[in-house]
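K.L.:
Once you've had a glance at the structure underneath, I'll fire off some questions.
Only the coordinates and a few stated rules stand behind these numbers; no lab work does. Owing to the predicted nature of the structure, the values given are computational and were not obtained by experimental measurement. With ideal geometry, Cβ positions are generated from the backbone for all residues, glycine too; neighbour counts draw on all protein chains shown.
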Amino acid sequence: MRSLDSRSQRGGQVIVMLSLSMVVLFGMLGLVVDLGWSYFTHKAAQAAADAAALAAVRQAMANAPNDNLRCGITGVGCAATPANCSAISGTNLQSACLYAERHGFSATNPRDTITVQAWDRTSTPTVTDNCGQGGAAVRRPPTAGCVDTSYWVTVRVSRSLPQLFSAVLGNTLATAAATATAAVTDSEPDASIWALNRQNEVPVVGRGARGNDIYVWGGSEIRAGGIVLASTSTGEGRTDEAGVVGGAGRVYGTTSIRGSGWVNEETKFIPPPTNGFPDLPIFDDPMRGKGQPPAPQNLPNIPVPNNDLAAVCGSVCQPGNYYVTRNGQATGEPILANGPIRFGSGGAGFGNYVFFGGLQVQGSVTFSPGRYILAGTTSEYILRLPNNAIMTDDTPMSSAGTSIPNTDPGEIFIFTDANYPGLQVPAAVQPIRSNLRFGQIYIQSGNKFEMNLHGLNADHPNLPEELKTFAPTVFWQDQRNSPIKYDSKGYVDYKSCGGGRSLDDPCPNNDPNINPGMILQASPKLLLYGLIYQPRGAGIEFQGNAHIISPLQIVTGSLSLQGGNTLELPGISNRLRRKVVALVN
């Protein structure tokens, strides 16, 4: 009996120990399930938050005019504190909720919570840090590192999860959550020359043929960094390739060509070019989406009787709308800037000037930082420099006679007509408005001229916010002055003229008054710092026999060199910037 009792006791102990072990085993199993499910849900929540934040910012980019992302602009929503989905309907922020739902998280699910917060660079709780290049101030979200942004959205996605093991300890629910911040920030494309014309387009200046993006002849040379050619032309030894170099000419720089496009003699490209690239964004206009530089508003009207600018200004011309009058009537003549004369008072201020009729510079003329709009002309040329003219700004040359970076806001010259979007035309000019047409930029004066100008400096506090996205432009040609049609946001238009078209077959611009060429005399005294911009379809030609060293980026339809000149484009410190959307935490 005692032996039987002993066995019974041992059996009871085994049952107790087994029961306790089962509790621990199932508890551990429950813990594994709890942790695994929490981990999986957290990963899903992170994917949903990332997609939601990116979607909201991309929608804001699509809605905002000219990259002007600011709270209160139509289509750009902001929420200073986290808002739920029901409070942000009807704005770009609602797209965050929609994308979260596509990833399995819904604001209508009682176990899910989705909050969205958005603000621009002027709103609280932005953070200002001096962590930019050279200690420059940047505006950033409080959750992001040193990345200068103009608009951002933070999305938090969470889900309540029933617990297995934790429920034994009284924790019946856990929360899996994730946060993402997407922002609009700047990217710097790595190129010195963009030649945007495609294989069906003919250069408007120079000797190039259909499909040529660059044409270098007569012993001329290009020395640049990255060179981008959008044409897929390949002439197999003829002269209709994307790149043509003749005689003793050479092209030095990393040349990238779209698709099957090629060059007439690859040995004249150093290093040899690379083709076969798909139709990437780098082959499209890098200023797309920005629209055009806004026109200034509420300027005083300043008539120039008998084209005597000195009598009106003295030695300093103040900001305003300038136009020539004779017998009290506006004529549309180019305004004669017969120096010595200065536009603006100098220093780091920023002025606005509009010249109805264009500009002809004689003598020494200084341009302080500002926006200079040449609003059409009655002659063929909208800007001319005769011999011995000096067109300069407040940044001196180096001791070696080369261009140096500017520390002031810089200047932008906009070449257009009297119908430029947003331009306020004086009543006296209205009767001749239709006569003020596009004109060619023509600076061809032998070597007896000097031009030392610097483009917009986006890092200077006195540069108007509306112009910062156009930095470092020094020359801007109206996108309407091209045989190719652009839309109001600065994209090549292939949609408004019927279906079946593409970027290779855009809508034509049928304006009979276009005059889209720019001709610059090759001269060591041609010093331009910044960006020359022309729309696709336009063209630039450098003529003459000289070595030009200008710290420039050039965006154009086609580029031509002839006459034995060398175009050398050293790098610039404030390169062209494109706004991109990225996750910043």
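K.L.:
May I ask for the angle, rounded to the nearest 10°, between helix 2-63 and the longest principal axis of the chain, with both axes built from Cα atoms and the value confined to 0 to 90°?
P.N.:
In the chain, helix 2-63 runs at an angle near 20 degrees to the longest axis.
K.L.:
Tell me the label only: which of (i) 82, 70, 41; (ii) 94, 77, 56; (iii) 133, 57, 54 is Cα extents along the principal axes in Å as calculated from this structure?
P.N.:
Read-out from the structure maps to (iii).
K.L.:
Could I ask something else about it? What is the dipole size for the stretch 175-222, taken about its Cα centre, with +1 at each Lys and Arg Cβ and -1 at each Asp and Glu Cβ, in debye to the nearest 20?
P.N.:
Dipole size: approximately 300 debye.
K.L.:
What size of dipole, in debye to the nearest 20, comes out for the stretch 309-478 about its Cα centre when the only charges are +1 on Lys and Arg C-beta atoms and -1 on Asp and Glu C-beta atoms?
P.N.:
Dipole size: approximately 440 debye.
K.L.:
Which of 175, 336, 385 sits farthest toward the positive end of the charge dipole of the chain, with +1 on the Cβ of Lys and Arg and -1 on the Cβ of Asp and Glu?
P.N.:
175
K.L.:
Using only Cα atoms, figure out Rg for the stretch 237-339 and give it as a multiple of 2.2 N^0.38 Å.
P.N.:
Taking the Cα Rg and dividing by 2.2 N^0.38 Å, one obtains 1.93.
K.L.:
May I pose another question? Please report, largest first and rounded to whole Å, the three semi-axes of the ellipsoid equivalent to the stretch 77-116, where each semi-axis is the square root of five times an eigenvalue of the C-alpha gyration tensor.
P.N.:
17, 11, 7
K.L.:
Right, something else. Hey, can you rank 50-56, 559-565, 270-276 by average C-beta count inside 10 Å, highest first?
P.N.:
Result, highest mean Cβ count within 10 Å first: 50-56, 559-565, 270-276.
K.L.:
Calculated from DSSP H runs of 4 or more alone, at -39500 (n - 2.57) each and per residue, what is the 222 nm mean residue ellipticity of the chain, nearest 500?
P.N.:
Calculated at 222 nm, the ellipticity per residue is -4500 deg cm²/dmol.
K.L.:
Cβ under 15 Å from residue 416's Cβ, residue 416 left aside: what net charge do those residues give with Lys, Arg +1 and Asp, Glu -1?
P.N.:
+1
K.L.:
Test of understanding: express the Cα radius of gyration of the stretch 309-478 as a ratio to 2.2 N^0.38 Å, with N the residue count.
P.N.:
For the stretch 309-478, the normalised Cα radius of gyration comes out at 1.00.
K.L.:
Compute, for the chain, the length of the dipole vector about the Cα centre, with Cβ point charges of +1 (Lys, Arg) and -1 (Asp, Glu) only. Units Debye, rounded to 20.
P.N.:
Dipole of the chain, to the nearest 20 debye: 1300 debye.
K.L.:
Then there is this: Going by Cα centres, the stretch 248-272 and the stretch 379-419 are how many Å apart?
P.N.:
If we compute the Cα centre of each part, the gap is 31 Å.
K.L.:
Quick one: of 495/579; 485/579; 468/525; 290/525; 268/579, which pairs are farther than 25 Å apart, Cα to Cα?
P.N.:
Where the Cα-Cα span goes over 25 Å, the pairs concerned are 468/525; 290/525; 268/579.
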